[in-house]
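Comments concern the structure below.
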Amino acid sequence: MFLDPATWQGRIFVAGAWSPGGGGTIDVTEPATGSVLGQAGLADAADLGRAAESAAEAQREWAATPHPRRAAVLRRAAQLWSEHAEEITWWNVREVGAVPAMAGFAVHVAEQECYEAASLPSRSYGELLPSEEPRLSMARRMPVGVVGVISPFNVPIILGIRSVAPALALGNAVILKPDPRTAVTGGVTIARVLEEAGLPPGVFQMLPGGSDVGEAMVTHPLVRVISFTGSTAAGRRVGELAGRHLKRAHLELGGNSALIVLDDADVDQAANLAAFGTFFHQGQICMTTGRHLVHERVYDDFVERLAAKAANLPVGDPAGQQVALGPLIDAGQRDRIHRVVTTSVEAGAKLAAGGSYDGLFYPATVLSEVTPDVPAFTEEIFGPVAPVTRFSGVEEAVRLATATEYGLSLGIVTRDVMKGLALADRVPTGIVHINDQTVSDEANSPFGGIGASGTGARFGGAAANIEAFTETRWVTMRGEPPTYPF
């Protein structure tokens, strides 16, 4: 058994060994049933300090390892994701509440992330520069040293490995702090993959923990770069703390992404895109379609068809039933979603589908007649709720799409793709999909948002990863030392 509980249960992964954490343990709970699947280890701030020292020591030798050997470790890691996909998917379904299609997709992306990372060690790591002096001048890309990665609960495999793998490939050591609610899927699986892939001890550490561990990571002098994925509120705190300690923080935060349906769109196709963009993975994706902006000519048909789709999407335990939506992660998340729905209805929105819940199961919900002043329009819901707002022309669509602090993803549905592209150029976002919904992810593509959605494309693609996880050093060389006037 690849994820044998005898290996990891009640333990964290520090200095190449599975050992008890100073924070004790936490139950690994299945949100669909409330069953306890095991106990994960919890770290404390002292564990973080120990991990940072171990990582800094191991990183020097890892950075000096010939690039073919570093690449080989990442290629083997990619193979392990595939070889153990069934077991890892099982944990993703049970611990995270992902439907099997989503759980399998996460494993596929993790495999691709490792293959993409395996190409980084042999990339050019610098450039020659012209100089007015008789010397060779160059800019070299150097590993930053120790990278701290903080990953969330919602898609824990992808949102951890997409920083861990490239940072390792580029010669860094990594400390991963997964969300304790998904410590096995988002932490243990990555640690086991890298352990079996032959990564030297100490180069990777895995410490589930709370905010105290996260703060210790951000402030520790040996951790030079922070890669954080999570809420905008938490990201602002991480960025502020990192700034005070003069270290870089790459932040991938929340979103309230719009899907704009123009008057020439095929309504059936648009409703299909909208349903997937909002309801996939219970809407617990940063790129989820959070606002549906629909031209008045097709508005009523769109609402009717989207509501019909929502009403027919089965909700239940993804481990035992064939469902479209599984459970939300916990009661706190459910209550926040329901508050947004109920306060929006009180403010004038109309409930076209859903709007109630059973335990942690929240059905696909559609709100019509949503105006820019109601919570469902202004807030990131992070749940299976589709707020639909009408517009009468392109100028109004632009005003509505840009009436948010977020700037992550944008979808536009139109028969005229050039018109769609021109519209996209007027809505600042990090990602745009013409004739598709807002949720998509590929390991070789830059990923990130602007504004309250984060600090830009610092994830995905060789250029973004090299920028994120290396430092630039200016180096010159002369055949003979120069003579100076004193």
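The values are calculated or read from the model by the stated rules, or taken from the named source; none is laboratory data. Note that the structure is a prediction, hence the values are computed from the model and not measured. Using ideal geometry, Cβ is built from the backbone for each residue, glycine included, and neighbour counts are taken over all protein chains shown. Just the protein is used for accessible areas: all its heavy atoms, side chains included, with ligands, DNA and RNA removed. Shrake-Rupley method; radii C 1.70, N 1.55, O 1.52, S 1.80 Å.
Figures for the structure shown
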{"item": "The chain, accessible area per residue, ligands and nucleic acids excluded (1.4 Å, Å²)", "result": "39"}
{"item": "Residues Ala462 and Ala403, FRET efficiency given R0 of 30 Å [Cβ-Cβ distance, rounded to 0.05]", "result": "0.30"}
{"item": "Neighbour net charge for Gly198 - beta-carbon separation under 12 angstrom, K R +1, D E -1", "result": "+2"}
{"item": "Relative packing of peptides 154-167, 227-240, 335-348 - highest average C-beta neighbours within 10 Å first", "result": "154-167, 227-240, 335-348"}
{"item": "Solvent-accessible area, 1.4 Å probe, carbon plus sulfur percent, for the chain", "result": "52"}
{"item": "Estimated [θ] at 222 nm from DSSP helical runs (n ≥ 4, -39500 (n - 2.57)) normalised by residues in the chain, nearest 500", "result": "-11500 deg cm²/dmol"}
{"item": "In sequence order, calculated HN-Hα J values of the stretch 287-302 (Karplus, 6.51, -1.76, 1.60; Hz; x Gly/Pro)", "result": "8, 3, 5, x, 9, 9, 9, 10, 4, 4, 5, 10, 4, 4, 5, 4"}
{"item": "Cβ charges +1 (Lys, Arg) and -1 (Asp, Glu), total dipole of the chain, debye", "result": "1260"}
{"item": "Using alpha-carbon coordinates, inclination of helix 232-244 to the longest axis of the chain, degrees", "result": "20"}
{"item": "Those lysines that a straight Cα-Cα span of less than 16 Å connects to Lys419, excepting residues fewer than 8 apart in one chain", "result": "none"}
{"item": "Asp373 versus Asp263: modelled label distance in nm, points set 7 Å from Cα along the beta carbon direction", "result": "2.7"}
{"item": "Most to least packed among 360-367, 193-200 [average Cβ atoms within 10 Å]", "result": "360-367, 193-200"}
{"item": "Between 0 and 90°, nearest 10: helix 45-64 axis offset from the chain longest Cα axis", "result": "60"}
{"item": "Along principal axes, Cα extents of the stretch 401-442, largest first, whole Å", "result": "28, 25, 11"}
{"item": "Cβ crowding within 10 Å averaged over residues, with 467-479, 400-412 ranked highest first", "result": "400-412, 467-479"}
{"item": "Cα gyration tensor shape for the stretch 171-234, rounded if a/c is under 1.5, else prolate or oblate", "result": "oblate"}
{"item": "On Cα atoms only, tilt of 331-346 relative to the major axis of the chain in degrees", "result": "40"}
{"item": "For Trp18, distant residues with modelled amide H under 5 Å away", "result": "none"}
{"item": "Estimated vicinal HN-Hα couplings, Hz - the stretch 103-112 in sequence order (Karplus 6.51, -1.76, 1.60; Gly, Pro = x)", "result": "5, x, 4, 4, 5, 4, 5, 4, 4, 5"}
{"item": "Kirkwood hydrodynamic radius of the chain, from inverse mean 1/r over distinct Cα pairs, in Å", "result": "23.4"}
{"item": "Inter-label distance, nm, simple model (7 Å from Cα along the C-beta direction), Ala15/Thr33", "result": "3.9"}
{"item": "Prolate/oblate/rounded label for the stretch 377-466 (Cα gyration tensor, a/c 1.5)", "result": "prolate"}
{"item": "C-alpha center-to-center spacing [the stretch 331-395, the stretch 422-475] in angstrom", "result": "28"}
{"item": "Dimensions (Å) - the stretch 1-98, Cα atoms, principal axes, largest first", "result": "48, 35, 21"}
{"item": "Normalised contact order of the stretch 5-140, rounded percent, pairs of Cα under 8 Å and 6 or more residues apart", "result": "19"}
{"item": "Karplus (6.51, -1.76, 1.60) ³J(HN,Hα), θ = phi - 60°, over the stretch 276-285, in Hz, Gly and Pro reported as x", "result": "5, x, 9, 9, 4, 6, 6, x, 8, 9"}
{"item": "Nearest-20 debye value, the stretch 96-193 charge dipole, Cβ charges on Lys, Arg, Asp, Glu", "result": "240"}
{"item": "Stretch gain in nm, segment Ala233-Arg473, where the contour uses 0.36 nm per residue and the Cα spacing is subtracted", "result": "83.0 nm"}
{"item": "Interchain or long-range residues, amide H under 5 Å from Arg390's placed H", "result": "Val294, Val370"}
